[in-house]
Amino acid sequence: MPKAHIQMPDGAKITIEGAATEIASIVNQIQSPTVATRVPRPTKASRQKRDQKKRESASDRIANLKEEGFFNQPKSLSTVAAELEKSGYLYPVTTLSGVMLGLVQRRLLTRVKKDGIWVYGKR
């Protein structure tokens, strides 16, 4: 039974064993470029669509609350978490503490200690 040994450009070695017509057919398939092996490059429109689908971060959502006037009165972390939960976004208070601190450092919010609890308000 005839054999064919093929060395691919990427270094892969292929050994084919079978009838001469079968080997010729397989060799032609391997050597001819096919549509299935080509990977289309993303178009500009698909990249823009992908970018639009990016999720909002917790800090983006809290900044939206600020724009809506939620922080006109100082709010505690648990109050912020409860307000986000009303919109369907569940964040543990331990996660929100770091996010809120970052917003304070970026000077989007202020932080004041009231009765031993940090509360956050608009700047």
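Screening Lys13 against (1) modelled with pLDDT of 85 or more; (2) loosely packed, with under 10 Cβ neighbours inside 10 Å; (3) under 17 Å from the mean Cα position of the chain (by Cα) leaves a single unmet condition, (3). Only residues that are loosely packed, with under 11 Cβ neighbours inside 10 Å and at negative phi were counted in region 67-97, giving 9.
The values are calculated or read from the model by the stated rules, or taken from the named source; none is laboratory data. Predicted model, so just to flag it, every value in this text is computed and none were measured. With ideal geometry, Cβ positions are generated from the backbone for all residues, glycine too; neighbour counts draw on all protein chains shown.
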